[in-house]
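Worksheet: the structure to be examined is printed underneath.
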Amino acid sequence: MKSVVTTVVTAADAAGRFPSQNDLEAVQGNIQRAAARLEAAEKLAAGLDAVTREAGDACFSKYSYLKQAGEAGDSQVKVDKCYRDLGHYLRLINYCLVVGGTGPLDEWGIAGAREVYRSLSLPTGPYVEALTYTRDRACAPRDMSPQALNEFKSYLDYLINALS
């Protein structure tokens, strides 16, 4: 799984060199933010079902046409799959918070996602909307500390940009 540490070591190895001062500073910064990331991961895990439900509800509220015949959410089974996918993305963000890198999202959530959605005629816009709602709704100190919230939002932004 890709993390800042593995990325730095792999890049240095591929270049046939030891990690540079800049490489080591990136690793050190990542380690210094570990407590905030772990706090965010813990809070997200504790509220994953509620966060998923809120995001999905906001999405279907904004895109109510999705529940019309022939659309992505025209049956309860399809609606449940949308909520499942949102929960999956949020779990991957949780994993990213734990490892301190985008590896889980890159490997299991983003690679091929747009192609899969396109081939199934599923819009990515509603997922982006749900994730944006989650990002904009989260606040410190209600949900987590400001530092933890910054870490959480950075991975939400990463995913939003990848699906946009």
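Every number here is computed from the coordinates shown, using simple stated rules; none is lab data. A quick note: this is a predicted structure, and the numbers were derived from the prediction, not measured. FYI the Cβ positions are ideal-geometry reconstructions off the backbone, even for glycines, and counts take in every protein chain you see.
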Estimated FRET transfer efficiency when R0 is 30 angstrom, pair Ala45-Ser20 (beta carbons, to 0.05): 0.30
Cα shape, segment 71-143, gyration tensor, a/c 1.5 rule: oblate
Kyte-Doolittle mean at least -1.0 and Cα axial length at least 27 Å: DSSP H helices in the chain: 76-99
Reachable lysines, given that their alpha-carbon falls under 27 Å from the alpha-carbon of Lys2 and they are not under 8 places away in the same chain: Lys43, Lys153
Net lengthening on full extension, Lys2/Lys78 (0.36 nm per residue, minus Cα-Cα): 24.2 nm
Dipole of the chain [Lys/Arg +1, Asp/Glu -1 at C-beta], most positive-end residue of Gly70, Phe18, Ala40: Gly70
Cα convex hull volume per residue for segment 26-112 (Å³): 103
Added length on full extension, which subtracts the Cα-Cα distance from 0.36 nm per residue, Arg118 to Gln147: 6.9 nm
Debye-sum result for segment 1-44 in log10 I(q)/I(0), which assumes one identical scatterer on each alpha carbon, at q = 0.23 Å⁻¹: -0.77
Quarter of Cα convex hull surface for the chain, i.e. mean projection, nm²: 10.2
